[in-house]
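See structure below.
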Amino acid sequence: MKIYDFKMAPNPRRVRIFLAEKGIDIYYEQVDLTSGKNREAWFIEKNPVGGLPVLEFDDGTYLAESVAICRYFEMTYPAPPLMGVDARDCAFVEMWNRRMELEVFHPIARSMQHTHPFFKDRIQQFPEYGGTQRAHAIKRLEWLDSILAQRPFIAGERYTIADITAQCGIDIGAAMGAFQIPDNIKHVKRWHESVSSRPSAKA
Ligand SMILES: N[C@@H](CCC(=O)N[C@@H](CS)C(=O)NCC(=O)O)C(=O)O
């Protein structure tokens, strides 16, 4: 079993952090996105949409989509739980994780992709759209601030996959110089310092 990974990319990092939290050791094979290795035929055979991460099972089947990969490991290594503990809790964690994908991770990624020179030859950039996505992400962090004023983690009292998703979105925006948590969003800042101090953040 191995995971096709790229160290700098945020979706593969979501899975690396998830597995680090669970103490799961797995072989990661690097696929260089910058030189387009993920668009070559050998990789498209594994994941027709070309994205990382991909989990390769020993029987030669492939599982893409970071949340699907996390789900597989949550079921096979339940401790510590990162996707909820009972029907209700799992549903709430899923709600928060999806919100973090749609309202934080994706807007930050879009703002970066539509404004950063790295993506100039990779996608058709619309800088104005990038600007609106950045503004959207800030609005959503202001909302998240009011949630994190009341509890330590995004889905409640426990660290979950929702924290990982938001953390990876914010960190890639910062690493590319495209996004910072504004200083006035202080509960998100406190939360970010807390998740960044976990050993898994180095993954
Ligand atoms: N929804 C997918 C997104 C996968 C994805 O877009 N990964 C990025 C890296 S963060 C990628 O491989 N991009 C390269 C490309 O699409 O060419 C997931 O959650 O795994």
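The GluC sites (Glu not before Pro) of region 14-62 that DSSP puts in a loop, and whose beta carbon has at most 11 other beta carbons within 10 Å, are E45. Rolling a 1.4 Å probe over the heavy atoms of the protein chains gives the chain an accessible area of 51 Å² per residue.
For region 116-130, backbone phi angles converted through the Karplus equation (6.51, -1.76, 1.60; θ = phi - 60°) give residue-by-residue couplings of 8, x, 4, 9, 3, 9, 9, 9, 7, 8, 10, x, 5, 4, x Hz, Gly and Pro being listed as x. Of the GluC sites (Glu not before Pro) in region 103-174, the ones in a loop by DSSP (not H, G, I, E or B) with at most 16 other beta carbons within 10 Å are E157. For the chain, the dipole from Cβ point charges (+1 on Lys and Arg, -1 on Asp and Glu) about the Cα centre works out to 560 debye, to the nearest 20. One quarter of the convex hull surface built on the alpha carbon atoms of region 72-203 amounts to 8.7 nm², the projected area averaged over directions.
Per residue, the convex hull spanned by the Cα atoms of region 1-135 amounts to 118 cubic angstrom. Each part reduced to its alpha carbon centroid, region 21-67 and region 161-198 end up 25 Å apart. Pairs of alpha carbons in region 39-116 separated by more than 17 Å make up 61% of all such pairs. Over the chain, what is the relative contact order in percent, taking alpha-carbon pairs closer than 8 angstrom and at least six residues apart? Across the chain, relative contact order equals 22 percent. When a 1.4 Å probe is rolled over the protein heavy atoms, the share of accessible surface on region 88-203 that falls to carbon and sulfur comes to 53 percent.
The values are calculated or read from the model by the stated rules, or taken from the named source; none is laboratory data. Just so it is clear, the model here is predicted, and its values are computed rather than measured. Please note: Cβ atoms are built from the backbone with ideal geometry, for glycine as well, and neighbour counts cover all protein chains shown. Quick note on the areas: whole protein, heavy atoms, side chains included, nothing else; ligands and nucleic acids left out. Shrake-Rupley method; radii C 1.70, N 1.55, O 1.52, S 1.80 Å.
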